[in-house]
Amino acid sequence: MAECHPVGFQWVMEAKARGAKVFHIDPRFTRTSAMADHYVPIRAGSDIVLLGALINHVLAGEHDFREYVLAYTNASVLVSEDFRDTEDLDGLFSGFDPETRTYDPASWAYQGVEEEAASGQSGERVEGGRHHAEAARADQYGSGGAAAHPRPHTDETLSHPRCVYQVLKRHFARYTPEMVEQVCGITAEDFNRLAEAVVAGSGRERTTAWVYSVGWTQHTVGVQYIRAASILQLLLGNMGRPGGGILALRGHACIQGSTDIPTLFNILPGYLPMPHAHQNRTLDQYLERAAGDTGFWGNKRSYMVSLLKSWWGDAATEDNDFCYGYLPRLTGDHGTYATVLGQIDGIVKGYFVVGENPAVGSSGGRTQRLGLANLDWLVVRDMTLVETATFWKDGPEIETGEMRPEDIATEVFFLPAAGHVEKEGTFTQTQRLLQWREKAVEPPGDCRSDLWFYYHLGKRIRQRIGDDEIDRPLRDLTWDYPEHGESGEPSAEAVLREINGTGPDGRALSSYLELKPDGSTRCGCWIYCGVYADEVNQAARRKPGREQSLVAPEWGWAWPLNRRILYNRASADPEGRPWSERKAYIWWDAEKGEWTGLDVPDFERDKPPGYRPPPGATAQAALSGTDAFVMQADGKGWLFAPAGLADGPLPAHYEPHESPLPNIMYGRRGNPARKVYNRSESPYNPPASPRFPYVLTTYRLTEHHTAGGMSRTLPYLAELQPEMFCEVSPELARERGLVNGGWATIVTSRAAIEARVLVSERMRPLRLQGRTLHQVGVPYHWGWAGGGVVTGDAANDLTPIVLDPNVYIQESKASTCDIRAGRRPTGRALLDLIEEYRRE
Amino acid sequence: MSERMGFFTDTSVCIGCKACEVACKEWNGVPDDGFVFRATSYDNTGSLGASTWRHVAFIETPDSWLMASDVCKHCTHAACLDVCPTGALFRTEFDTVVVQADVCNGCGYCVPACPYGVIDRREDDGRAWKCTMCYDRQLGGLEPACAKACPTDSIQFGPLDELLERADARLADLHANGRTEARLYGEDPGDGVGGDGAFFLLMAEPEVYGLPPDPVVTTRDLPSMWGWAAVAALTMAGATAWTRFGGR
Amino acid sequence: MARERAMVPEAEFSSYYGRPVIKAPIWHEPHMPLYLYLGGVSGACALSAALEELQPRPHGRLGTLARLGAALGAVLGTGFLIAELGRPERFLNMMRVFKPTSPMSMGSWLLAAQGGLSTMAAASAVTGVLPGAGRAAALSLGVTGPLMATYTAVLIADTAVPAWHEARHELPFLFGGSAMAGAGALGMLATLARPEEAAPVRRMAVFGAALETAAGAVMERRLGLVAEPYRREPLMRAARLLAVGGGALAALSALPSRRGGGRVLGPALAAAAAAALTAGALCTRFGVLRAGRASAEDPAYTIIPQRQRLTAAGRGTEGGSAQ
Ligand SMILES: Nc1nc2c(c(=O)[nH]1)N[C@H]1C(S)=C(S)[C@@H](COP(=O)(O)OP(=O)(O)OC[C@H]3O[C@@H](n4cnc5c(=O)[nH]c(N)nc54)[C@H](O)[C@@H]3O)O[C@H]1N2
Ligand SMILES: Nc1nc2c(c(=O)[nH]1)N[C@H]1C(S)=C(S)[C@@H](COP(=O)(O)OP(=O)(O)OC[C@H]3O[C@@H](n4cnc5c(=O)[nH]c(N)nc54)[C@H](O)[C@@H]3O)O[C@H]1N2
Ligand code: SF4
Ligand code: SF4
Ligand code: SF4
Ligand code: SF4
Ligand code: SF4
Ligand SMILES: [Mo]
């Protein structure tokens, strides 16, 4: 965190100064470790064992926050008789289809829900995992999660063998400190210190927070890493409470915004699912499958209709399904890697690359470039001439002779982009906080904002299209924003206001609760509704923290409804009293008959703790006064996920796709449902191959930014880390004859790259399973060109294309490699070297 | 002269982000210092110099990773200022030491004079450069760029006496928590330079960070040095006289 | 970071990747050392020019030569000094202030005086105009001259460079001696044809060589660890040999002429001596600069003495020395 979120890290330092214990769990001793109270070295790709062992520690020792667990989680819910755990099937859950390598989650459901499946009450359970694995349906539940029975059978004593609590106990029993030692390489001493601290730091008086970023996500089990952490946090009562939670430190300045208003293929704004070509022909069919009918997702029709209205305005009416038919449809996996392979296969002909440098930044660099080279046209919008725009003349394949510029037919359009200080707009940061940016300077020359680009592109397309029926969706679009300046820059505030939404009177709405299913309201993203409340740009508020409460509600605006902590109803006990004075945050004020506290309650203001829903109630009305997790269909925090995940209702440890070790936890080596692409362009290293004995992990440096377009080009940053390097332990250096300051060549089946050597005791060899395991650390900021004042080989040429089945993130944190002293060969000889490695 | 302003750099909370180095260059328009991979932990800047006015040191020890942002000490008795023959170096109303680029004639005397190896001459433009403690920003009532950019308040700027109090408290804390290796550096008015306007809290001996353990301002010995020179001169005169009149 | 140093066994010490703690002098060769040499020569010449005026029958040829030497030395020296500046066009900024704490400032004023006086004295000697003024100027050179030759020692000793500051007592004598040897040598060359006039300059050369040698010997004994850079500097060793050798030859060169005969041997010896002493004087200046640089570039010479000082004073900080 100190490395990649240095400014945010000041608060960790603050907490430390106030007595918080800071643990850093990382394969490498980083700047964060240097500041932590305890550094715990771990083998990349093994955290589920560590987290599982912590869960086991909590369950076995009954350290769980029982009152919280009973009231706010699904611990007491009974699971279907048909459910089989990895315990029973040696590493598989029930419902696995070896043919398609996908799960049908039907058997994971709550007891009593199966019967309803027939009545097709919720699409999820009818269609099963096959297709949700197909189009990453897991994402589609967004903050909502999958549908689930609002009032399932429960056993409040938690003793029923099929209640979630008992299922958990059995499942995690094998996650022991011994396993942690053998799989993660973490000593029993380190583990116990951590376990005790986590337990001691949780309960009524205290909370513990877990902070992660891509060290936890870029794995074929990435989503289950996070699931494991949420189980632990729910058991310890650390969710929805101040100082608790699982904090995902997100990436690019507005990467949170780019999932809220997505650049992802499978969701619409506000985490509404993207319609599927075959299952969701009509709006009704779509809404039926979209999510549960209970909890706040129960209002999905209002959200969806308001979205369609904001896009197609008056053209969207009751009788034409509010133009639902205009929406594009999914037919399957349209993720970035599938798209690139589609390019190689000649299916994908054109490509927009906007604010991204995949030729350097995405896994399997060579595959990326082969795809780019096989396009008809490529549009790159960037501030600098990144490698993705120049691969055809200076890429590594040109140097090796695999490609010749004269053979590459791709027509490349490079369009200079305005940077974030050259345009106004919002950033949505990691805490869901929207912060408005003013424009500091005019963009130079032809540089234009992305807003300008898409708006004017749209305008020109609309001018060119005739009255052909197929173009109606374009013609009907609401596409009219006030423009200013001679370049005709559209007003970003107007766009924000449109996203916020307007009521029948045309005035800005102030809450998504005002959204109507009848088409009388418009809203571009329901969770952002309120950011323009009272016709004021709430995101532009900058009242200093010292002038307001510690929650600082008047700095920017957080979705939803300016809540700073989600599910904060859980910060009070079932009766609505704070769990403790120290941790008071939101509570029920009996006199006033409303929820109150430091933050905006994440609960209906006037719903008393004693409220019990009438039978047949829907939406939020179906949730009781103690159902704190209001977006969930059953209002509960899910220890066990009856649906919504492609690879199991519980986390289980699987080795990375490329691992030097066997899986000693189960009979299954890798995640059975992981996405593998057996392609000649990017072959995999064989498992446990003596040819690739070391773990390869890639990461960032404070001094650079991602694929380098924004840092290799800046002398002040580039001089701080001028050359591509790798980090190795003194032991490994000795083993492979590597010299500090010298050169090394790192090899996988995909590529061989060279890097300067940094020998450091911060890289610690792990002793596990009776052997010593070395990890090689490689930052991924360098590329061969990109207008950089410094250049270097790209780490992503090494990494494999293998994905998590839920969100399709690549496993770039844990693969295997070989490392040898000296620089790499060039030209043909380089290909021969890789060939030689592939042969064995 | 307004009260003395200074820096307290608390290296125990430095996360080595180098924001100070970059902010300094951005604000002061300092050119890059070359692109050299030094294989000395994460330090590729090397040391303070004409084009590096904040330098973040990285020291790897078996059980820790020390980081520290070094800067001109703005000495109470500043050798650079004492020896400057043109008056280009002067003491500001904030009791800091600043070079006037338009006066400096590049004689290079200040360079070896500084007991901390801070100031240096840029070969291309022939003038001496160093930290100004953001004189211009201070005149505008702003804190120096490096302090402003520091996310963890490792760099604290303010009236020197306040900083000294803060430093003592911090040191006491650390010692109370068993961090007995913590020590202050440059805070003592009794040291060889009369104390630093920019002092530090270090987690190891100064030389580990490349700082002199017992710096002195050599002008301290100037009278005696002139004395010896005078004696030598007289010796010359006497001897020469002898060559003339003696031995006849 | 820790670095074992074979050469100084007692000194296992910590440093930052073996990097220097202080900045080495950036002064270039040959400018700086030549300035030191010429300043010295000018100073010594000035001195004899002044003393010449106290002679029973002044305006001797030797006096004129001395005035010329003083003037040439000062002017050429100034040239090299200016060339050394990063911004030569700003040389006159030296005259902005009169700054007692800055040996270079004092030196600049001294150089100005020395230059002015010597040129004036030389001019009047050569042209014969304003003899009175010339004489006054020459006499005042008696004050500026020796200072001109020795202030440069203060100039370099007033820096953090260990080999220079630690040697602050001996350096003025080293430079003064070497100045006399250098000037004496030039004088000997000028008097090759007239051995009977050579006595004073020869004596100056011999004494200078002796003084330089003695000062050097004392310095190296007193400095201990910090003397290493001098001992290791080949030019310093050469300077020592040349001074001793040159001094001896100079002394010898007197004998033949005394006994009347040996019209050839005397001048030959004298010429050899002059050459040796001049070379020696130059080696000393280059050698001192290089030794100073070496002592600044190796952190050992900065850190170890300071550490020892602290430990001696009982101010040594806790924690072992080596990381
Ligand atoms: N300076 C800087 N800041 C950045 C960025 C940048 O490029 N430069 N990028 C931004 C972006 S886009 C993002 S996504 C974030 C990413 O922020 P981070 O996730 O912090 O970035 P990384 O360095 O990729 O990975 C973090 C750590 O995960 C460790 N790690 C690898 N595998 C494992 C594992 O299996 N278990 C555990 N426990 N740790 C593991 C790595 O050693 C590394 O230290 O940073 C953002 N901030
Ligand atoms: N091996 C390995 N690979 C990784 C990762 C890893 O940890 N290891 N991390 C992954 C992660 S988390 C991420 S986010 C990606 C990042 O990888 P990429 O997104 O491909 O790389 P960036 O350099 O962040 O590309 C952003 C580009 O946007 C440009 N840009 C900046 N502002 C604007 C703007 O306003 N408009 C436009 N049009 N362009 C702009 C910048 O100049 C820059 O070139 O890398 C991924 N790849
Ligand atoms: S770069 Fe921006 S987002 Fe990243 S830490 Fe610094 S301030 Fe925060
Ligand atoms: S540290 Fe050096 S440069 Fe800075 S004031 Fe002191 S002597 Fe001058
Ligand atoms: S280099 Fe410039 S600042 Fe330094 S002493 Fe000479 S004139 Fe003064
Ligand atoms: S005070 Fe100003 S000049 Fe000095 S280091 Fe900090 S930013 Fe640079
Ligand atoms: S900005 Fe602060 S934390 Fe970052 S390196 Fe500089 S001193 Fe350390
Ligand atoms: Mo990211």
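The values are calculated or read from the model by the stated rules, or taken from the named source; none is laboratory data. As the structure is a prediction and not an experimental result, all values here were calculated from the model. Note that each Cβ is placed from the backbone with ideal geometry, even for glycine, and that neighbours are counted across all protein chains shown. These area figures cover heavy atoms from the full protein model, side chains too; ligands, DNA and RNA do not enter into them. Shrake-Rupley method; radii C 1.70, N 1.55, O 1.52, S 1.80 Å.
Quick check on A:ARG227: is it of a type in the set (Lys, Arg), modelled with pLDDT of 95 or more, touching a Pro at 6+ places or on another chain (Cβ under 8 Å) and more than 16 Å from ligand 5 (Cβ to nearest atom)?
Values: of a type in the set (Lys, Arg): yes; modelled with pLDDT of 95 or more: yes; touching a Pro at 6+ places or on another chain (Cβ under 8 Å): yes; more than 16 Å from ligand 5 (Cβ to nearest atom): yes.
Judged against the criteria, A:ARG227 is a match.
For (1) assigned to a helix (DSSP H, G or I); (2) within 29 Å of A:THR102 (Cβ to Cβ), each residue gets a yes or a no:
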{"position": "A:ASP284", "(1), (2)": "yes, yes"}
{"position": "A:LYS300", "(1), (2)": "yes, yes"}
{"position": "A:TRP311", "(1), (2)": "yes, no"}
{"position": "A:PHE322", "(1), (2)": "yes, no"}
{"position": "A:ASP333", "(1), (2)": "no, yes"}
{"position": "A:GLY342", "(1), (2)": "yes, yes"}
{"position": "A:VAL348", "(1), (2)": "no, yes"}
{"position": "A:ARG369", "(1), (2)": "yes, no"}
{"position": "A:PHE391", "(1), (2)": "yes, no"}
Review point. What number of residues within region A:196-232 are away from ligand 1 (no atom under 16 Å from the Cβ) and open to solvent by less than 10 Å² (accessible area, probe 1.4 Å)?
Key: 1
Point to revise | In region A:496-513, the residues that are of a type outside the set (Phe, Trp, Tyr) and buried (at least 18 other Cβ atoms within 10 Å of the Cβ) | key: A:LEU496, A:ARG497, A:GLU498, A:ILE499, A:ASN500, A:GLY501, A:THR502, A:ALA508, A:LEU509, A:SER510
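Only residues that are in a helix (DSSP H, G or I) and not charged (D, E, K, R): list them for region A:350-367, please.
In the first step, residues of region A:350-367 are kept if they are in a helix (DSSP H, G or I); the result is A:358-361, A:365-367.
Matches in region A:350-367: A:PRO358, A:ALA359, A:VAL360, A:GLY361, A:GLY365, A:THR367.
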Check your understanding: Given A:GLY270, A:GLY243, A:GLY237, which one is open to solvent by less than 40 Å² (accessible area, probe 1.4 Å), away from ligand 1 (no atom under 16 Å from the Cβ) and assigned to a loop (DSSP other than H, G, I, E, B)?
Key -> A:GLY237
Point to revise | Selection from region B:212-227 of residues that are touching a residue at least 40 places away in the same chain (Cβ under 8 Å) and more than 7 Å from every other protein chain (Cβ to nearest Cβ) | key: B:PRO215, B:VAL216, B:VAL217, B:ARG220
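Being in a loop (DSSP other than H, G, I, E, B) and among the acidic types (Asp, Glu) is the filter; apply it to region A:1-41 and report the residue that is surrounded by the fewest Cβ atoms within 10 Å (Cβ to Cβ). Outline the logic, then answer.
So the first thing to find is which residues in region A:1-41 are in a loop (DSSP other than H, G, I, E, B), and the list is A:1-5, A:18-22, A:27, A:29-30, A:36-37.
When the remaining residues are screened for being among the acidic types (Asp, Glu), the result is A:3, A:37.
Details: A:GLU3: 23, A:ASP37: 12.
The qualifying residue surrounded by the fewest Cβ atoms within 10 Å (Cβ to Cβ) is A:ASP37.
Does A:TRP452 satisfy being more than 16 Å from ligand 4 (Cβ to nearest atom) and assigned to a strand (DSSP E or B)? Give the derivation first.
Details: more than 16 Å from ligand 4 (Cβ to nearest atom): yes; assigned to a strand (DSSP E or B): no.
Judged against the criteria, A:TRP452 is not a match.
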Point to revise | Whichever residue in region A:16-60 is at pLDDT below 95 and more than 17 Å from A:ARG193 (Cβ to Cβ) and, among such residues, is farthest from the other protein chains (Cβ to nearest Cβ) | key: A:ARG18
Review point. On the given criteria, is A:GLY295 away from chain B (no Cβ under 14 Å) and within 16 Å of ligand 3 (Cβ to nearest atom)?
Key: no
Check your understanding: Which residues, taken from region A:660-678, are assigned to a loop (DSSP other than H, G, I, E, B), out of contact with any Gly (no Cβ under 7 Å at 6 or more places or on another chain) and not hydrophobic (A, V, I, L, M, F, W, C)?
Key -> A:PRO660, A:PRO662, A:ASN663, A:ARG669, A:ASN671, A:PRO672, A:ARG674, A:TYR677, A:ASN678
Exercise for review: May I ask you to say which residue of B:ALA176, B:ALA230, B:ALA149 is farther than 23 Å from C:ILE304 by Cα, more than 7 Å from every other protein chain (Cβ to nearest Cβ) and within 16 Å of ligand 6 (Cβ to nearest atom)?
Suggested key: B:ALA149
**Study point:** Subset tally (residues that are without any contact (Cβ under 8 Å) to a residue 40 or more places away in the chain and not aliphatic (A, V, I, L, M)) for region C:201-233
**Key:** 7
Check your understanding: So which of C:PRO234, C:PRO305 is at pLDDT 95 or above and open to solvent by 40 Å² or more (accessible area, probe 1.4 Å)?
Key -> C:PRO234
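What do you reckon, is C:LEU147 in contact (Cβ under 8 Å) with a residue 60 or more places away in the chain, under 24 Å from the mean Cα position of the chain (by Cα), open to solvent by 40 Å² or more (accessible area, probe 1.4 Å) and more than 9 Å from chain B (Cβ to nearest Cβ)? Full working, then the answer.
Details: in contact (Cβ under 8 Å) with a residue 60 or more places away in the chain: yes; under 24 Å from the mean Cα position of the chain (by Cα): yes; open to solvent by 40 Å² or more (accessible area, probe 1.4 Å): yes; more than 9 Å from chain B (Cβ to nearest Cβ): no.
So C:LEU147 does not fit the description; no.
Does A:ARG750 qualify as being of a type in the set (Lys, Arg) and outside any strand (DSSP E or B)? Step through it out loud before you land on a result.
Numbers: of a type in the set (Lys, Arg): yes; outside any strand (DSSP E or B): yes.
Yes.
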Review point. Taking region A:640-688, which residues are free of Cβ contacts under 8 Å to residues at least 40 places away in the same chain and among the small types (Gly, Ala, Ser)?
Key: A:SER680, A:ALA688
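Pick from region B:135-146 the residues that are within 16 Å of ligand 4 (Cβ to nearest atom) and within 11 Å of B:PHE94 (Cα to Cα): which of them is farthest from the other protein chains (Cβ to nearest Cβ)? Give the derivation first.
Start the filter on region B:135-146 by keeping residues that are within 16 Å of ligand 4 (Cβ to nearest atom), which leaves B:135, B:138, B:144, B:146.
From what is left, the residues that are within 11 Å of B:PHE94 (Cα to Cα) are B:135, B:138.
Working: B:TYR135: 20, B:GLN138: 23 Å.
Among those that are within 16 Å of ligand 4 (Cβ to nearest atom) and within 11 Å of B:PHE94 (Cα to Cα), it is B:GLN138.
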Check your understanding: How many residues are within 11 Å of chain A (Cβ to nearest Cβ) and either within 30 Å of B:LEU174 (Cβ to Cβ) or within 16 Å of ligand 2 (Cβ to nearest atom) (or both) when one looks only at region B:12-37?
Key -> 12
Check your understanding: What pairs come up if the first residue lies in region B:148-168 and is within 16 Å of B:VAL71 (Cα to Cα), the second is open to solvent by 40 Å² or more (accessible area, probe 1.4 Å) and within 12 Å of ligand 7 (Cβ to nearest atom), and their beta carbons are under 7 Å apart, counting only those six or more places apart or on different chains?
Key -> none
Study note, to complete from the structure: Counting only residues in region B:152-165 that are open to solvent by 30 Å² or more (accessible area, probe 1.4 Å) and more than 14 Å from chain A (Cβ to nearest Cβ), the one nearest to ligand 6 (Cβ to nearest atom) is identified as B:PHE157
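Residues of region B:126-147 being without any contact (Cβ under 8 Å) to a residue 12 or more places away in the chain and either in a loop (DSSP other than H, G, I, E, B) or within 16 Å of ligand 5 (Cβ to nearest atom) (or both), which ones?
Kept after step one, since they are without any contact (Cβ under 8 Å) to a residue 12 or more places away in the chain, are these residues of region B:126-147: B:136, B:139-142.
Result: B:GLY140, B:GLY141, B:LEU142.
Determine, yes or no, whether B:GLU187 is more than 14 Å from chain C (Cβ to nearest Cβ) and open to solvent by 20 Å² or more (accessible area, probe 1.4 Å). Explain how you work it out, then say what you get.
On the way: more than 14 Å from chain C (Cβ to nearest Cβ): no; open to solvent by 20 Å² or more (accessible area, probe 1.4 Å): yes.
No.
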Study note, to complete from the structure: The condition from (1) surrounded by 19 or more Cβ atoms within 10 Å (Cβ to Cβ); (2) within 16 Å of ligand 3 (Cβ to nearest atom); (3) part of a loop (DSSP other than H, G, I, E, B) that A:THR706 misses is numbered (1)
**Study point:** Lone unmet requirement of (1) outside any helix (DSSP H, G or I); (2) under 17 Å from C:ILE156 (Cα atoms); (3) open to solvent by 50 Å² or more (accessible area, probe 1.4 Å) for C:LYS99
**Key:** (3)
**Study point:** Output for region A:542-568, where each listed residue is open to solvent by 20 Å² or more (accessible area, probe 1.4 Å) and polar (S, T, N, Q)
**Key:** A:GLN548, A:SER549
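Being surrounded by fewer than 24 Cβ atoms within 10 Å (Cβ to Cβ), at the interface with chain A (Cβ under 9 Å from one of its Cβ atoms) and not β-branched (Val, Ile, Thr) is the requirement here; does B:TRP65 meet it? Before you say what the answer is, go through the steps one by one.
Working: surrounded by fewer than 24 Cβ atoms within 10 Å (Cβ to Cβ): yes; at the interface with chain A (Cβ under 9 Å from one of its Cβ atoms): yes; not β-branched (Val, Ile, Thr): yes.
Taking the combined requirement at face value, the residue satisfies it.
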